[in-house]
Amino acid sequence: MLRFWKFFIDKHHFTILLLIVLVAGGVYSAIAIPKESSPEVQIPVGIITTILPGAGAEDVERLITDKIEDRVLGVERVSSVTSTSGDGVSSITVEFDAQADIDTSIQLLKDEVDKVKTELPSEAEDPVVTDVNFADQPILLVSVSGDLTPAELTKLGEEVQAEVERVKGVSSVSVSGVRSREVQVVVEQAKLRQFGLAPSDVTNAIRASGLASPIGSITVSGVEYAVRLEANLSQTSEVGNVVLRSPTGAILHVRDVAKVVDGLEDPRTVSRVSVAGEPSKPALTFSVYKSRGGNIVETGDAVKEKVASLKSGILSGTDTVISYDAADDVQHDLSELTRVGFETTILVMIVLFATLGWRESLVAAVSIPLSFLIAFIGLAYAGTTINFISLFSLILAIGILVDSGIVVVEAIHTRLAHTNNRRDAAIGAIREYGWPLIAGTFTTIAVFAPLFFLSGVTGKFIASIPFTVIFVLIASIFVALGLIPLIATYIVRPELSRIEQIQEEYNIKAKQWYQRFIRSILGNSKTEKRFLIGMGVLFVLALMLPM
């Protein structure tokens with residue numbers, strides 16, 4: 001083992017080149033690693049949603065839910081199926097075994113649902129199968145308000161949605177606070193009686209023109225009847241021209257017995273926003289979702305740039321408010337990590353400067369960024385993203401990784417006081433502390449390794465904790481034994497400056513005081529007991545600090 005670490009000291013040109021490559025690769029990896037708010041963990045659950053306009057809960061259960069349930073119960077690795085039937089909506093939740101491959105299971109579920117489509121009512125919309133993913137959360141909520149009519153808000157929402165969906169990294173954009181366009185057919189009962197027609201004659205005539213997608217409703221005496229039309233009927237005039245036949249055989253049109261107008265549907269979602277404390281106004285709210293595996297910071301910045309560019313175009317004269325920005329939260333977390341790392345480095349340098357010297361403190365502090373940069377290479381290679389879990393792991397590792405570097409630097413510093421040969425001092429430090437440092441590091445690794453064996457959703461969610469911490473610790477031991485000794489041979493000097501001589505004098509006095517303190521405790525049973533009680537009280541107080 002000593003021969004391996006001596007290689008990096010003897011072949012110093014190779015080590016310097018390796019150091020440069022690792023730093024460059026680490027910086028590139030840190031920039032290139034995708035950033036996101038949470039790990040993209042898919043839960044082994046599929047949700048089947050089917051809409052049947054105008055149907056009651058009992059009809060939905062009988063015509064849709066029961067039929068789909070019977071099919072999906074036979075899908076491989078299904079552990080449980082639960083369903084909810086409401087007015088016009090059927091929702092079925094299918095849970096798979098924790099060990100099931102979610103992509104394969106969802107595809108099998110879709111295949112079974114496709115087979116049952118022919119058994120569903122023709123009025124029902126196609127069932128939609130979705131999976132559950134922690135990443136399926138909006139990364140931005142953008143609200144737009146202004147002095148606009150509902151129709152203008154709807155048009156503006158469609159235009160902005162189309163523009164934002166073109167941004168690279170955006171998977172979808174949903175809009176709330178808009179009222180979709182619909183054709184409204186208001187039947188006049190007097191005219192129906194005049195021609196001997198019933199409301200069902202009107203709905204049947206429109207239905208005969210094609211049945212595919214909802215376009216509006218027919219209202220008779222305050223009762224609303226849902227209407228679905230083929231795409232070839234998109235104008236109010238086309239709906240009004242639909243032919244009716246009276247009981248006498250006379251040819252009529254829908255416009256002869258009803259008013260057909262181009263309007264907006266009743267509000268289904270309400271969005272309001274208040275800017276600078278002013279009274280709230282009707283608004284559009286855009287929920288922006290990123291593509292899976294995408295970089296949340298880059299996507300969020302690109303969307304904000306697009307919205308800013310639209311301010312001089314279709315969004316001119318409106319107020320734009322970003323009420324939620326997950327990309328900004330992730331950027332804040334990254335800034336916090338950088339700040340904590342910087343503060344840790346400064347504290348290490350201060351402590352080592354006070355005890356060893358400024359050169360030693362500089363060498364030991366280098367181990368922190370070097371360990372992180374090497375770890376970033378491993379994280380990027382493994383496909384791990386930067387999220388709040390991996391950030392927590394990196395912050396957790398900061399206080400652990402610096403220990404090995406401090407031990408090696410102190411050992412070299414101590415040996416230089418007895419020999420003027422820097423190479424011999426470095427090799428002596430490795431010979432004495434190499435195996436203890438490796439053993440100590442791997443005992444910490446052994447604490448985190450069992451987390452790899454956690455199964456189910458929890459295991460997948462926290463998988464980046466053991467991976468990140470273990471990789472950082474392995475990187476720290478490589479830096480401490482392979483790179484720090486070489487760096488120390490260039491920076492640490494055997495001769496002491498006047499300040500360093502004073503530090504050595506105080507170090508000797510501190511060592512002598514500690515020896516006297518230990519001797520005063522050991523060998524005296526009463527003093528030993530008091531000391532142990534005092535340590536126990538301090539331990540309890542330390543446990544109470546979080547409270």
Simple spin-label estimate for R77 and E305 in nanometres, 7 Å along Cα-Cβ: 4.0
By the Cα gyration tensor axes a ≥ b ≥ c (a/c under 1.5 gives rounded; else a/b larger than b/c gives prolate, otherwise oblate), the shape of the stretch 16-91 is prolate
Per-residue HN-Hα couplings for the stretch 15-29, Karplus 6.51 cos²θ - 1.76 cosθ + 1.60 at θ = phi - 60°, whole Hz, x for Gly and Pro? 5, 5, 5, 4, 4, 5, 5, 5, 5, 5, x, x, 5, 4, 5
Gyration tensor (Cα only) of the stretch 357-413 to equivalent ellipsoid, semi-axes in Å sorted down, yields 27, 11, 8
Could you compute the FRET efficiency for F195 and E58, with r as their C-beta to C-beta distance and R0 at 35 Å, rounded to 0.05? 0.50
Taking the Cβ of N524 as the centre, find all other residues whose Cβ is under 14 Å away and add up their charges (Lys, Arg: +1; Asp, Glu: -1). +4
Cα extents of the stretch 392-547 per principal axis, largest first, Å, are 60, 49, 25
Determine, from the Cβ-Cβ distance of L396 and A162 and an R0 of 51 Å, the FRET efficiency 1/(1 + (r/R0)^6), rounded to the nearest 0.05. 0.70
Can you list the lysines whose alpha carbon sits under 20 Å from that of K290, skipping same-chain ones fewer than 8 residues off? K35, K168, K304, K306
Efficiency by 1/(1 + (r/R0)^6): what FRET value for H418 and K11, r their Cβ-Cβ distance, R0 = 30 Å, to the nearest 0.05? 0.70
Which one of V243, L396, L362 is farthest out on the positive end of the charge dipole of the chain, using unit charges on Cβ (Lys, Arg +1; Asp, Glu -1) and the Cα centre as origin? L362
Inter-probe distance in nm under a simple model that places probes 7 Å from Cα toward Cβ, at I31 and Q107: 3.7
Quick shape check on the stretch 34-144: root eigenvalues a ≥ b ≥ c of the Cα gyration tensor, a/c under 1.5 is rounded, otherwise prolate if a/b tops b/c, else oblate, and it reads oblate
Fraction of alpha-carbon pairs in the chain farther than 41 Å apart, rounded to whole percent, equals 50
Given the Cα-Cα distance of A24 and A439 and 0.36 nm per residue of separation, how much length would full extension add, in nm? 146.4 nm
Given H placed 1.01 Å from N in the peptide plane, which residues other than close sequence neighbours of S171 have an amide H under 5 Å from its amide H? Y289, K290, S291
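Only the coordinates and a few stated rules stand behind these numbers; no lab work does. The shown structure was predicted, so the numbers you read here are calculated from the model rather than taken from an experiment. Note that we place each Cβ from the backbone using ideal geometry, even for glycine, and neighbour counts take in every protein chain shown.
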